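Notes follow once the structure below has been shown.
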């Protein structure tokens, strides 16, 4: 029998979180659903870039679907699988809030892929030398919505995995997110007012271009893409914090509830600022 | 100097939907191996879960390593010193045996990669799984998965080892290996071994606690429990319907455990199983104890 090794000195929560997050990130990166999503993202983007126009920002729907929506399933599956050893996991020094935080950090894996995708698309748009009627700032903001959605979807998966025991809950959450997003496109059919923008932008992901008919010229919806990105980031924070609340106890749980309240206020504020921008549509 | 017990339970009670799983349990444990016997539903798993800090008692006090773990920091401090093999243990999908124990080691704060991997290899070797460490957990047999669960409990050579039926599904050869591992662990740690296998308790433990209906029915040396069956076990030529238990053995004679000797019977050496059957009576027979 080999000699007993010295038991490790108690690690800081930060060191344990880093090690655990790296382990969860490796598991995320090896998930077949995630890898299939990446392949689909590459294929869909390469196909779309062959037919570029100045509304390239709406390509953000590709990472939102391939990484974000698929990520709901990945996040849920990873969360449920780490709960499978049950009491053995619960009896470990790394508590539930720390384990959830590690899973939330692992959701940066699809975010990193989406960020690389955004750089790729931005370079392709620049190389195509198209007249960017909406301006580069707005264009970049629209691309960023796809990057944040790629992180947000998996975070929702983690949230649902922590709070439910139903095996199909990840799929249900993906359907609900899709339904919420599609329902909010009704805002694009309303008149160009701030209320219409609010209906359009309260979704966790929004497309920005539309047209009044098959032969009508496309237009860009009103509102601020960057404040909308801030709203999305706040939603991500809400999902991660709400997931951590589940297994937190005592003062830590109280702190997390406070963070949730602050994030909810921030989310509402960002959404209000996104909708406060000029609601006038810009014809492309 | 006062010796602080590893585990001190005082008046611990736990109810599930009005039914008492544990009822006013008092128990103190120090270094060595203590066997925990009892019929199904006796409260063994509840007792282990409470001691492992994954379940809080409804009433009573739990003191581990001299402290009453209440806040997150105290809980973490206690959990750093304990290893727990639950009765039912699933495994995350896609992990190899090594990967699973490595993951558990991270949860146990082994953040240095080289030291962690060395420790994972050590515990896998201890439970004789080093040869199949690269295999997916889903491809391992039930006995191998059970040993994998034991391997994660042994990480860091814990001061308190809580094992809920560790030898379930393990073949006799592997069981001997596990007994060697546990007997070594018992030399320096406090080991609480819940099992239905009375022969494991007889082979490993110097102390046995028998739970029944959530209450402690016996707490003492294994030899003392066995001694309660002295003069109440016989070998007879025919079964005795009036006995507590009676069965035909491989020699063709009938082992009779009861209060009165059947006609023509000769006394037999009692075992822990005989004593257990006598202690619990009908409940032991209806809920079963593995021979």
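Can you confirm whether residue B:50 is within 18 Å of residue B:194 (Cβ to Cβ), within 14 Å of chain A (Cβ to nearest Cβ) and either touching a helix residue (DSSP H, G or I) at 6+ places or on another chain (Cβ under 9 Å) or part of a helix (DSSP H, G or I) (or both)?
yes
Would you mention how many residues in the range B:65-74 are facing chain A (nearest Cβ under 7 Å) and either in a helix (DSSP H, G or I) or surrounded by 19 or more Cβ atoms within 10 Å (Cβ to Cβ) (or both)?
1
Just to be sure I understand, how many residues within the range B:105-139 are outside any loop (DSSP other than H, G, I, E, B), closer than 25 Å to residue A:22 by Cβ and either more than 7 Å from chain A (Cβ to nearest Cβ) or touching a residue at least 24 places away in the same chain (Cβ under 8 Å) (or both)?
The number of residues fulfilling the criteria is 14.
When residue A:133 is evaluated against the numbered criteria (1) at pLDDT below 90; (2) touching a helix residue (DSSP H, G or I) at 6+ places or on another chain (Cβ under 9 Å), which criterion, by number, is the only one it fails?
(2)
Name, by its number, the condition in (1) modelled with pLDDT under 90; (2) out of contact with any strand residue (DSSP E or B) (no Cβ under 9 Å at 6 or more places or on another chain) that does not hold for residue A:217.
For residue A:217, the exception is condition (2).
Would you check which residues across the range B:1-39 are under 19 Å from residue B:53 (Cβ atoms), part of a loop (DSSP other than H, G, I, E, B) and over 20 Å from the mean Cα position of the chain (by Cα) and list them?
The answer is B:4, and nothing else.
Grab the helices (runs of 4 or more DSSP H) fully contained in the range A:82-130, keeping just those with 3 or more residues being at the interface with another protein chain (Cβ under 7 Å from one of its Cβ atoms).
A:87-90
Please find, among A:14, A:57, the residue that is part of a helix (DSSP H, G or I), modelled with pLDDT under 95 and within 14 Å of another protein chain (Cβ to nearest Cβ).
A:14
Failed condition for residue B:100, given (1) within 22 Å of residue A:90 (Cα to Cα); (2) more than 12 Å from chain A (Cβ to nearest Cβ); (3) not in a loop (DSSP other than H, G, I, E, B), with all others met?
For residue B:100, the failing item is (2).
Since residue B:169 meets every condition but one in (1) surrounded by fewer than 23 Cβ atoms within 10 Å (Cβ to Cβ); (2) within 14 Å of chain A (Cβ to nearest Cβ); (3) touching a helix residue (DSSP H, G or I) at 6+ places or on another chain (Cβ under 8 Å), which condition does it not meet?
(2)
The values are calculated or read from the model by the stated rules, or taken from the named source; none is laboratory data. Values in this document were obtained by computation on a predicted structure and should not be read as measured data. Neighbour counts run over all protein chains shown; Cβ positions are idealised from the backbone, glycine included.
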